[in-house]
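S.K.: Structure in structure tokens, see below.
The values are calculated or read from the model by the stated rules, or taken from the named source; none is laboratory data. Since this is a predicted model, take the numbers as computed values, not measurements. Cβ placement follows ideal geometry from the backbone for every residue including glycine, while neighbour counts extend to all protein chains displayed.
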Amino acid sequence: MNFSTVTAISTCMVFMTGCFKPDNIQKQPPAAPDYTMDSSWLAKPADNDKSVDVFYVYPTIYTGKNPENMDISDPALRNNAKGLLSAQAGVYSPYANLYAPFYRQQSAASQSMEPNNGGQNAFADPAFQRGYNDVERAFDYYVKNLNPDRPFILAGHSQGSMVLIELLRKRFNNPTLQKRLVAVYAIGYSVTKKDLKLYPWLKPAQGETDTGVIITFNTQGPNAKGSPVLLDGAIAINPLNWKTDATPASREKNIKAEFFKDATGTLIESIPHFAGAYINTNTGALIATDIQPIKSKKIDIVNMGRWPAEVYHRYDYAFWFCNLKKNVEKRIKSYLDRKVPKP
């Protein structure tokens, strides 16, 4: 090898080192979950002692930049996900057998925080689709091997609700699945009027006991602006009075808010009659009103990190926890009563 060749190689190596720092090298996506293995499930009951299941998809908990998708083998992330089995899935688990897959969700670091998601289709992002495909495989395995005939609820929050909306779009133009569907609680992301037109099998809830329907809302204050999860044409139902119009519900209708530490599932504070609510029919936002004081310093609904002021996204479950819990019980009873003819 002559001197000029060595010099050229050395120059090239210096150039590459300057341009491609180790932090900029995109890692390969983590290995895909194998849903035949119990380790790929956040929750999978040993016994199905209830008549109905819930298939729950947890929200965004992974914030790393590299790789773009959550590694489900990471012990800290696995533990954080477990906390949500109380903080959110605790709404459903008293009345339904709880199933929840781990999935390679998209990192918060690559999600847009622009108003209306910056006008972009977040569902088309390859990082989102990677996580979605995991959940779709988990659902297929669940239906085929873990629940061949029981009715079920689909439930999630934030990115988990996005995944469920995509699952409904792609897989639920299926009469067999539709008949087994008690309800979908797609909370913390938007089901839109456009969705209802493009996918006519998506049925929004109209009251507190209809079944085979979607319960969806995004909680905000009256002065909130620019939420990335509240899309144009969003629909909503009020979890205090189960109306879809602007009819206000006073805080007396709020049974009790329950605030948890999401990472551990530890209950921090319970507040009866915490807030009222109405739907802004122009934006589709669920507006929290007459919010009562919170005693614990561990709960801050003013400074919410990357979320705009009065966008109470992280508290979509907490504000209305006991009303949601009661509603799950009612919808299950309504479904079972309709399926079993009375003597």
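S.K.: Please state which one of Ala263, Ala246, Ala309, Ala236 is in a loop (DSSP other than H, G, I, E, B) and within 20 Å of Ser86 (Cα to Cα).
M.R.: Values: Ala246 fails: within 20 Å of Ser86 (Cα to Cα); Ala309 fails: within 20 Å of Ser86 (Cα to Cα); Ala236 fails: within 20 Å of Ser86 (Cα to Cα).
Matching residue, one of Ala263, Ala246, Ala309, Ala236: Ala263.
S.K.: Can you tell me how many residues in the range 221-253 are in contact with a Phe, Trp or Tyr (Cβ under 6 Å, 6 or more places away or on another chain) and either without any contact (Cβ under 8 Å) to a residue 12 or more places away in the chain or under 21 Å from Gly305 (Cβ atoms) (or both)?
M.R.: Within the range 221-253, residues that are in contact with a Phe, Trp or Tyr (Cβ under 6 Å, 6 or more places away or on another chain) and either without any contact (Cβ under 8 Å) to a residue 12 or more places away in the chain or under 21 Å from Gly305 (Cβ atoms) (or both) number 1.
S.K.: Same structure again: Just to verify a result, which residue in the range 84-111, among those that are touching a Lys or Arg at 6+ places or on another chain (Cβ under 7 Å) and in a helix (DSSP H, G or I), is farthest from Leu154 (Cα to Cα)?
M.R.: Per the criteria, the residue is Ala109.
S.K.: Run down Tyr317, Tyr278, Tyr312 and say which single residue is surrounded by 15 or more Cβ atoms within 10 Å (Cβ to Cβ), of a type in the set (Ser, Thr, Tyr) and under 30 Å from Ser51 (Cβ atoms).
M.R.: Tyr317
S.K.: May I ask you to list the residues in the range 38-65 that are more than 18 Å from Glu136 (Cβ to Cβ), within 21 Å of the chain's Cα centre (by Cα) and basic (Lys, Arg)?
M.R.: The one that is more than 18 Å from Glu136 (Cβ to Cβ), within 21 Å of the chain's Cα centre (by Cα) and basic (Lys, Arg): Lys65.
S.K.: Against the conditions (1) more than 27 Å from Ala183 (Cα to Cα); (2) at pLDDT 95 or above; (3) part of a helix (DSSP H, G or I), where does Tyr62 fall short? Just the number, please.
M.R.: Tallying (1) more than 27 Å from Ala183 (Cα to Cα); (2) at pLDDT 95 or above; (3) part of a helix (DSSP H, G or I), Tyr62 fails exactly one: (3).
S.K.: Answer with yes or no whether Ser73 is under 24 Å from the mean Cα position of the chain (by Cα), within 27 Å of Lys261 (Cα to Cα), buried (at least 16 other Cβ atoms within 10 Å of the Cβ) and at pLDDT 95 or above.
M.R.: Working: under 24 Å from the mean Cα position of the chain (by Cα): yes; within 27 Å of Lys261 (Cα to Cα): yes; buried (at least 16 other Cβ atoms within 10 Å of the Cβ): no; at pLDDT 95 or above: yes.
Taking the combined requirement at face value, the residue does not satisfy it.
S.K.: Does Ala122 qualify as being surrounded by 24 or more Cβ atoms within 10 Å (Cβ to Cβ), hydrophobic (A, V, I, L, M, F, W, C) and over 15 Å from Tyr58 (Cβ atoms)?
M.R.: So Ala122 fails the test.
S.K.: Condition test on Ala109, is it surrounded by fewer than 21 Cβ atoms within 10 Å (Cβ to Cβ), of a type in the set (A, V, I, L, M, F, W, C) and more than 25 Å from Val54 (Cβ to Cβ)?
M.R.: The answer is yes for Ala109.
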